[in-house]
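Some notes on the structure that comes next.
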Amino acid sequence: MPITVPLPRLSHRKASTARPGNNPNTTAINFQEMLEGLSNVVAVAWAWVTRTDKSDRGKYTSVRVSPRQFVRKDNRLRVLVYLVVLSTSSLALMLCHHFFYRYLNKKNIDLDAAELPTFLEKQSNVKFIGTTIAHGSRLLLSMAIGVTFSQHFWKSLRSRSHSISQIDALIHSGQSAFHYSTFTTAMTSSPLFFISIVSSITALIVVLTPGSLTVSPAVERQVPCSVPSIPEVTTHLNTSFDIDNSLFAVAASALSLNSYLPPFQVNQSATCGRGTSSCSYNVSFIGPALDCVDITNQANFSFFLDPKLQGTPSAAPFLIWNGSFFSGDASTPIGLSIFSRDLLQGSLHAVNCTAYNATYDVGVRTEGASSSVQIWNVKWNSELLFVNDSSFLQNYAYLGVDALTGLIFAGPNAYAMSLTTFRLGNLQSTTFFSTTPTGNHTFSNTISHFAETFMQNLSISLLSGGIYYGVSNDTATNLRNVTTTCSASVTAYTYNSYRLLYTYSSILGIAGVVLVYGCFVISRNGAEHKLLFSDIVQIALNKEMFLTREKSKLDGRTRVHIERVSGSPDKLLPLSPISGCRNSEIPHASMSLDETRDKKSTNGKVPTTSSQISSIAALILNQTISSDIGIALSYGGQIVLVVAMSFISAQIFWRTIRSRGHTISQIDQLITIQTFSFPRSFLRTLRVSWGVPLLALLAVSTSLVSIFSSGSLKISVSHKREEACTVLAPRNLSMKTTLSDYTSPLIAVMLSGTYLQPGETCSLESYMSSCNYDLEFVGPGFDCEDVSSSTNATEFSETWIYKGTVPPQSANNLTIQIFVQSWDIKGAKYQAVNCTAVARQYSVSISSGGTSPSIVNVTQSRPVSVVHANTSQLDTFEEIYLSNMAQLIEAQGAYISDFGGGVAFASTSESPPGPAIDLPVTFPFSRGGSIGQFELDGNVSMAENLSLALEGFAQDATMSILSGTIFALNPNNPNLLENTTTMCTYSFTAYEYTPLTLFLTYGIAIGIATFCAALGSIAIKRNGVEETLDFSRFLRAVINEKLYSVKDRLDMDTKLKADDTADGNFAPSLS
């Protein structure tokens, strides 16, 4: 007969008091207990071997492990402390969010600025941190609100009866206020509905707070700085000063540029800080100014209309400009009278312009390698008089007036030509004298404005430091430093503290009311926790509920209430069903799937009318609004994933409960972790079941969707967009022309040292900062070769510093050539270059800014063919244009004067462009010329590489065709430009979307969800039904005959197992 022991109690730790019988499993049970006894012996032996206190050897005390009963301790103090910790932790994260954004506020995100750690310079990383902090703050606050919800939930259950479906709805509202049963919750318990709404609106923390930090591409900073200005010596009217050729060159350059010499370029990083896109400052200085008064009504134009002068150009017989000094004695102010004639408009104008000593208030702005000046105010102080031993200011004003004097002629088929004996002869080459495609002439502005602007440009040129006024021969020390305030423009973070703090304070204020109420309920009634499986077992396993279940009356309409008797556990007791109550409960699983589909179909769609579309589109461009929308959409996707994960987790939970037995405390842990309230020992829960905790972790980690997806959109200050555009490009430049003289625009190119500004480029919208496009065309140019080694440098340097010669042509050689020699006195460098006129293939990149000058960058240039043309019978535009270039280079040479050693100029051309053309006195040198420049000491600095300089001059002359002011004057087709379609690249500040970040985030999330869905489908198939975690579902599974029969012997360590039926009834289990 086998040895028998009593059957174990329904706890796996305690034996049962059941009597033995003829049970076929008795032997197996005895064998199992024998194994357990053997394992106990081994455990005791191991404890004895590993003992450390020798004094206790041989002394043992029997240990009795008592089962954990369904006893609730009064832990109200612990829960109150827990509430305070959650609330203060959430508040601490809110403050961290504020201080983090305040630290970033106005910080430059440019990599060169080094104001931030490299990690924080990346906008996506900052969004990650900000959104993570917001998620943490929301999570802690919603957990605290959840504690309050549990307190009132139990209070509501004890206060009156509810139907089982109402209890389900109340529990669902604790998880989300937007469950389909929300209306039932609102009708059942308004306080619980309000608490659930408050818990749900904490999501606004995640949606609204990250938008408090934006990126501004033009944050202005004010910093004290030291900047260059004009020395005071220039304002002394009692100091004698003499004009030299270097000042003539300055005036010639200002006229040719129709602008000022750029101000001295400060070190932008040292002056305004590293990483600044621009640097601006204001300075005041004294300089000459013109005040022009219109005297058209009082003027006599008889001489002007019929000058009867000798030497009038036959191609330009009409006098269109006559500028002459005021006549008088020493008390006469410096000034001039200007008579003008607009051939296109057929109008006459006359003005008197007087020179003043004026105070200029200007703003200087440096941006990269370019500088610009904006005049804020000009205050006339006193008239400037022309006297002997004049000061710098008087001479400088006289120089400016001198540049505007002379006679300018024009004709029906010629550019404006100068006929003057004054020292400056390039007035006609300015863009102010505008030639139309038909050969007519007009002015690009009013006479008064042109004259006043020119004198202002001369005064602003004083800031360049490249003008000698008796201070220094070095540009760096030719100016004096003054202390002012610099304004730097940077791309930086901008923090709207009001938005963040208002969002946090509003939600915290509403949540605070709920938390105070929760503390009140806890302190008065004691602390409660969320409804767990053990609670259902404890309150529902009673005779009344069992009988109700036996009578098949336990459904969603069954009304129950909790009866609380002092000293005894709570009891869930049924009431009689109320007729007319709501219909039978709709299965939760199918509704959850419907809800998911509905959210997917409406996610991100805004109900609008056609009249609202434009205004909403404008709102979306706002950084804050776009941040709100983006995070809201990703948060919606996150919610969908959470719903899916919760549904799958429920299936895995029931599959786990059906697969083997679990203690009631373990089931509690599995249920707790699915409500995202993690138990104390997460590892212990993993030992119970790895599937349910991991699914809960995945559901929590869906927050990463809104965290990482927010980094897929950033602000770029130089966003590029390429699209087709129509621009002007040179046509076939070998067309015939009726014009034989292009010296006026070529003089402007030579003296300015650059090309004439392009005319119509790609059109820019108001929000665009620049446009770039490429062109390829064939145009005139030079191909130069250095021949210094084969020429006599000594003979040349004894007489000349610059000279050009056009070799005569022969019948066998009809190429157009120019031979140029130069001698740099300071560098003692001789250069001899021979250039041949060629047609070149140009690859050009043109950049056009909104307010800045256009830039023409020749990326590649190569000779295509040599131009052969008889210079006495030139026919095409290309031939005439190249011939004019060679003649201008030859026209005037420079040498060292025997009187004073200064640079002097003389005509060196045997056949100059025209006897009526008077070249500027310093031609071909200027302040910014490409061939040679005047230095502050009056010497000329020759180009370092004369071959490149001459090729560059021809290249600039060809690029000037893009200005649209040079015409062929061909009756059939006068324009040298034609429309062409190319691709334009527009730059502007815009959002930049990185789809990889978004798709990778969503792809991983959806991939994991799909895998989990497959596991959930398998679980549903094996369960035989779609399961839920509703209160009603557990109630049906708990109230059954097997569990009811042992209800008095149940404790927290009792193992239960759900059967494999669709009902999944719980029963005691030993495995």
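The values are calculated or read from the model by the stated rules, or taken from the named source; none is laboratory data. If you're wondering where the values come from, they're calculated on a predicted model, not measured in any experiment. For neighbour counting, all protein chains shown are included, and Cβ atoms are generated from backbone atoms with ideal geometry for every residue, glycine included.
Take the conditions (1) closer than 19 Å to Phe533 by Cα; (2) modelled with pLDDT under 85; (3) not polar (S, T, N, Q); Lys155 misses just one of them, which is (2).
Taken as a whole, region 215-225 holds no residue that is in contact with a Ser or Thr (Cβ under 9 Å, 6 or more places away or on another chain) and not in a strand (DSSP E or B).
Quick test for you: out of Tyr356, Tyr360, pick the one residue that is surrounded by 18 or more Cβ atoms within 10 Å (Cβ to Cβ), closer than 25 Å to Ser487 by Cβ and at pLDDT 90 or above. One residue alone meets the criteria, Tyr360. Of the residues screened, Gly781 is one that is touching a residue at least 24 places away in the same chain (Cβ under 8 Å) and over 30 Å from Phe409 (Cβ atoms). Yes or no: Val482 more than 46 Å from the chain's Cα centre (by Cα) and either surrounded by fewer than 22 Cβ atoms within 10 Å (Cβ to Cβ) or not in a helix (DSSP H, G or I) (or both)? Criteria not met by Val482. The helices (runs of 4 or more DSSP H) located wholly in region 642-748 that include 2 or more residues which are over 24 Å from Leu1056 (Cβ atoms) occupy 691-700, 703-709. Tyr755 meets the conditions (1) crowded, with 21+ Cβ neighbours inside 10 Å; (2) assigned by TED's automatic domain parsing to the domain that holds Ala1037 in every case but one. The failed one is (2).
Would you mind stating whether Asn457 is over 43 Å from the mean Cα position of the chain (by Cα) and either within 30 Å of Ser371 (Cβ to Cβ) or not β-branched (Val, Ile, Thr) (or both)? Answer is no for this residue. Taking the criterion of being in a loop (DSSP other than H, G, I, E, B) and touching a Leu at 6+ places or on another chain (Cβ under 7 Å), the only residue of region 314-329 that qualifies is Phe326.
Yes or no, residue by residue, for (1) closer than 30 Å to Gly1016 by Cβ; (2) hydrophobic (A, V, I, L, M, F, W, C):
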| position | (1), (2) |
| --- | --- |
| Leu683 | yes, yes |
| Leu694 | yes, yes |
| Leu697 | yes, yes |
| Ile707 | yes, yes |
| Leu746 | no, yes |
| Tyr767 | no, no |
| Cys771 | no, yes |
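Return yes when Cys353 is in contact (Cβ under 8 Å) with a residue 60 or more places away in the chain, of a type in the set (A, V, I, L, M, F, W, C), touching a Cys at 6+ places or on another chain (Cβ under 6 Å) and within 29 Å of Asn108 (Cβ to Cβ) and no when it is not. The answer is no for Cys353. What residue, among those in region 767-795 that are of a type in the set (A, V, I, L, M, F, W, C) and surrounded by fewer than 18 Cβ atoms within 10 Å (Cβ to Cβ), is farthest from the chain's Cα centre (by Cα)? Step by step, filter region 767-795, then rank; the result is Ala793. Scanning region 157-172 for residues that are part of a helix (DSSP H, G or I), touching a residue at least 12 places away in the same chain (Cβ under 8 Å) and out of contact with any Leu (no Cβ under 6 Å at 6 or more places or on another chain) yields Leu157, Arg158, Ile164, Ser165, Gln166, Ile167, Asp168, Ala169, Ile171, His172.
If you go through region 165-201 and keep only what is surrounded by 22 or more Cβ atoms within 10 Å (Cβ to Cβ), closer than 30 Å to Ser497 by Cβ and among the hydroxyl-bearing types (Ser, Thr, Tyr), you end up with just Ser199. Output the residues belonging to region 749-793 that are assigned to a loop (DSSP other than H, G, I, E, B) and of a type in the set (Phe, Trp, Tyr). Selection gives Tyr755, Tyr767. With the requirement that a residue be over 15 Å from Ile145 (Cα atoms) and in contact (Cβ under 8 Å) with a residue 60 or more places away in the chain, what does region 185-195 give you? The answer is none; no residue qualifies. Among the residues here, Glu944 does not qualify as surrounded by fewer than 17 Cβ atoms within 10 Å (Cβ to Cβ), in the same structural domain as Thr799 (by TED's automatic domain parsing), modelled with pLDDT of 75 or more and not polar (S, T, N, Q). Cβ separations smaller than 6 Å between residues 6+ apart or across chains give the following pairs from region 290-302 residues that are under 18 Å from Ile320 (Cβ atoms) and in the same structural domain as Leu385 (by TED's automatic domain parsing) to residues that are of a type in the set (S, T, N, Q) and assigned to a helix (DSSP H, G or I): Cys292/Ser448. Could you tell me whether region 954-974 includes any residue that is in contact (Cβ under 8 Å) with a residue 12 or more places away in the chain, part of a strand (DSSP E or B) and not assigned by TED's automatic domain parsing to the domain that holds Glu878? Checking region 954-974: not a single residue is in contact (Cβ under 8 Å) with a residue 12 or more places away in the chain, part of a strand (DSSP E or B) and not assigned by TED's automatic domain parsing to the domain that holds Glu878. Only helices (runs of 4 or more DSSP H) whose full extent lies in region 991-1071 are considered here, and the ones with at least 3 residues that are surrounded by fewer than 18 Cβ atoms within 10 Å (Cβ to Cβ) are 995-1023, 1041-1045. In this structure, does Tyr881 turn out to be assigned to a strand (DSSP E or B) and either at pLDDT 80 or above or assigned by TED's automatic domain parsing to the domain that holds Ala416 (or both)? For Tyr881, the condition - assigned to a strand (DSSP E or B) and either at pLDDT 80 or above or assigned by TED's automatic domain parsing to the domain that holds Ala416 (or both) - is not met. For Ser506, the requirement of being crowded, with 21+ Cβ neighbours inside 10 Å, at negative phi, assigned to a helix (DSSP H, G or I) and not aliphatic (A, V, I, L, M) is not met. The residues on offer are Leu547, Leu541, and the sole one that is more than 36 Å from the chain's Cα centre (by Cα), surrounded by fewer than 19 Cβ atoms within 10 Å (Cβ to Cβ), of a type in the set (A, V, I, L, M) and more than 30 Å from Ser137 (Cβ to Cβ) is Leu547.
Screening region 958-990 for residues that are in contact with a Phe, Trp or Tyr (Cβ under 6 Å, 6 or more places away or on another chain) and hydroxyl-bearing (Ser, Thr, Tyr) and picking the one that is surrounded by the most Cβ atoms within 10 Å (Cβ to Cβ) gives Ser960.
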